[in-house]
Amino acid sequence: SLASSAITCFTRGLDLRKGTEDVLCPANCPLWQFYVFGDAVYASLSSVCGAAIHRGVITNAGGAVRVQTLPGQENYPAVNANGIQSQALSRWASSFSVTPGTKDTTLEAVGRSVSTARPSTGKRPKKTLDKKVGNKDCKADIAFLIDGSYNIGQRRFNLQKNFVGKVAVMLGVGTEGPHVGVVQASEHPKIEFYLKNFTAPKEVLFAIKELGFRGGNSNTGKALKHTAQKFFSLENGARKGIPKIIVVFLDGWPSDDLEEAGIVAREFGVNVFIVSVAKATTEELGMVQDIGFVDKAVCRNNGFFSYQMPTWFGTTKYVKPLVQKLCSHEQMLCSKTCYNSVNIAFLIDGSSSVGESNFRLMLEFVSNVAKAFEISDIGSKVAAVQFTYNQRTEFGFTDYITKEKVLSAIRNIRYMSGGTATGDAISFTTRNVFGPVRDGPNKNFLIVLTDGQSYDDVRGPSAAAQKAGITVFSVGVAWAPLDDLKDMASEPRESHTFFTREFTGLEQMVPDIIRGICKDFLESKQ
């Protein structure tokens with residue numbers, strides 16, 4: 001067989017040189033980093049390992065893939081498969097397909113000789129090792145918000161603890177698996193233990209068993225708000241890029257309002273599930289502040305985030321379906337990802353050297369970048385400013401809150417034609433476009449598109465933008481001087497500076513810009 005070469009999560013079809021190549025994909029590539037175009041036949045711009053997972057040839061555990069180069073085609077479709085949403089592309093010069101590869105025999109032999117080199121002590125040690133690691137396929141940081149109110153009483157409180165213990169064990173808690181903590185809701189919330197305190201199932205079970213019943217009103221709203229704000233800090237063991245989940249257990253009804261707490265949780269990127277046990281009786285309902293409290297508190301009112309159990313008795317059969325929900329990574333619609341938590345402003349050069357048809361190519365580039373993000377009132381936002389000597393805000397971050405509207409606004413931008421004052425334009429955008437969203441939850445990005453030398457200083461305005469928390473990418477075309485581009489870009493400058501001789505080269509930069517935004521997003525504090 002051909003020798004397999006190990007590649008990275010980022011390797012694209014066009015980075016491979018042979019007509020047929022056997023490659024080895026690494027394990028655990030973050031799915032959001034994959035940029036894939038098409039289905040079955042993929043544009044060579046696509047990530048090879050991403051395409052292989054999309055096609056079902058390998059899983060996220062990596063593995064051997066055979067890549068076959070194919071001619072280019074038109075209309076690569078967008079298809080969601082195996083946790084990856086591929087993008088549509090109107091045409092590309094070359095393509096590839098993926099099929100299961102044959103692992104290189106030498107690699108396998110190495111693997112074998114190493115494992116047999118250790119003295120064999122039966123099968124036991126291997127088992128405990130896996131237990132410590134936990135269930136790697138379930139990535140979640142979970143707070144169980146348990147009911148410690150007089151509603152539930154001591155006896156049912158103990159049954160609730162048993163149920164939570166069973167859920168924790170079945171989740172496969174471990175160093176690389178899910179991490180869990182517990183908060184008790186009563187009159188005042190109490191964080192019983194954090195995510196970082198215990199990572200072994202035995203320890204977690206013991207900690208749950210030791211919990212004492214507090215009693216008091218069921219101020220679940222207060223506890224939910226407190227948990228969303230305080231529980232998931234990095235100091236307390238929350239992990240970057242892993243879904244944050246709160247599972248609220250409610251016996252009967254809450255004494256306070258859940259709606260505001262639900263809003264706060266969504267703002268903090270937390271996925272709220274509500275497990276309600278024993279529906280409230282009619283007399284009780286007269287005291288409830290809001291009968292529709294479940295719908296207002298959960299992450300999305302789509303049925304997925306609410307779960308009912310008739311009583312606390314015989315709950316074993318309810319453990320597995322709940323665990324399956326908590327491990328459904330792609331259903332966690334409230335998680336903050338680079339796709340739903342960024343503000344991107346495009347600063348577009350409208351100077352007379354660009355010309356009408358190249359200006360259209362610039363707008364196409366802007367659309368293609370914007371298209372990759374989940375634009376909504378609670379998601380990502382896009383703005384555009386065109387500049388010559390003057391600046392014109394084409395639209396601000398809050399003008400359009402659906403992707404369709406944003407894309408149509410980009411298409412309708414009219415070419416100004418004039419001089420080039422890039423520095424002024426950056427200052428204008430920092431003040432007028434980013435000013436209003438400065439204290440919002442999203443991370444801010446500015447993409448400067450220019451085709452020439454600026455008549456004014458760009459260094460000062462760019463430094464001020466970066467100081468205001470804006471990450472700057474500079475994209476130069478044709479006569480744009482590299483020094484200007486580097487002076488504008490955020491650190492590290494190499495990965496934030498882009499250049500192409502021809503306007504047609506903009507299209508190929510799209511995946512790299514998106515990937516750059518996602519990388520910066522993940523590396524920033526969450």
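The values are calculated or read from the model by the stated rules, or taken from the named source; none is laboratory data. Quick caveat: nothing in here was measured; it's all calculated off a predicted structure. Positions of Cβ are generated from backbone atoms using ideal geometry, with glycine treated the same way; all protein chains shown enter the neighbour counts. Just so you know, the surface numbers come from the protein's heavy atoms only, side chains and all, with ligands and any DNA or RNA stripped out. Shrake-Rupley method; radii C 1.70, N 1.55, O 1.52, S 1.80 Å.
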In the chain, what percent of the accessible surface is made up of carbon and sulfur (1.4 Å probe, ligands and nucleic acids excluded)?
53 percent
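Test of understanding: what is the full-extension gain from D15 to Q73, defined as 0.36 nm times their sequence separation minus their Cα-Cα distance?
Going from the current span to full extension adds 19.0 nm.
Just order 156-168, 443-455 by mean Cβ neighbour count inside 10 Å, highest at the front, would you?
Peptide ranking by packing, descending: 443-455, 156-168.
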Compute the long axis of helix 105-117 from its Cα atoms, compare it with the longest principal axis of the Cα atoms of the chain, and write down the angle in degrees, 0 to 90, nearest 10.
30 degrees
Per residue, what accessible area does the chain have, given a 1.4 Å probe and all protein chains present, in Å²?
46 Å²
If I model a spin label as a point 7 Å beyond the Cα along the Cα-Cβ vector, how far apart are those points for S495 and T398 in nm?
3.3 nm
If each residue of separation counts as 0.36 nm, what is the full-extension length gain between N390 and R155 once their alpha-carbon separation is subtracted?
77.4 nm
For region 5-100, list log₁₀ I(q)/I(0) at each q in 0.23 Å⁻¹, using the Debye formula over Cα point scatterers of equal strength and ignoring solvent, two decimals each.
-1.13
Let me check against my output: what whole-number percent is the relative contact order of region 141-331, with C-alpha pairs under 8 Å and at least 6 apart?
23 percent
So for region 128-224, what percent of the C-alpha to C-alpha distances run longer than 15 Å?
57 percent
Two-decimal Rg to Rh for region 295-436 - Kirkwood Rh, Cα set:
1.22
Rounded to the nearest 10, the angle in degrees between the Cα long axis of helix 220-230 and the longest principal axis of the Cα atoms of the chain comes to 50 degrees
Taking the convex hull of the Cα atoms, report for region 337-419 its projected area averaged over all directions, in nm².
4.8 nm²
Equivalent ellipsoid semi-axes, region 342-524, via Cα gyration tensor eigenvalues times 5, rooted, Å:
21, 18, 16
With runs of 4+ DSSP H residues as the only contributors, calculate the mean residue ellipticity of the chain at 222 nm using -39,500 (n - 2.57) per run, divided by the residue total and rounded to the nearest 500.
-9500 deg cm²/dmol
Which value does Rg/Rh take for the chain over its C-alpha atoms, Rh per Kirkwood?
1.03
Pairs to check: K244/K325; K139/K403; K136/K320; K161/K190; K139/K336; K230/K381. Give those whose C-alpha atoms are more than 19 Å from each other in this structure.
K139/K403; K230/K381
Just to confirm the number: angle between the C-alpha axis of helix 506-523 and the first principal axis of the chain, 0 to 90 degrees, nearest 10?
40 degrees
From the C-alpha coordinates alone, can you work out the Kirkwood hydrodynamic radius of region 403-490, in Å?
14.0 Å
For region 167-298, what is the per residue volume of the convex hull drawn over the alpha-carbon atoms, in cubic angstrom?
106 Å³
Spatial separation of Cα centroids for region 54-88 and region 467-526, in angstrom:
27 Å
Please identify the longest segment of the chain free of exposed GluC sites (Glu not before Pro), where exposed means a DSSP state other than H, G, I, E or B and no more than 10 other Cβ atoms within 10 Å.
236-501
Starting from the 7 Å offset along Cα-to-Cβ, what nm value, one decimal, do you get for the label separation of N432 and Y455?
1.7 nm
Partner aspartates and glutamates for K467 [C-alpha distance under 16 Å; skip if fewer than 8 residues away on the same chain]
D439, D487, E491, D520
Simple spin-label model, 7 Å along Cα-to-Cβ: E502 to V133 in nm?
4.8 nm
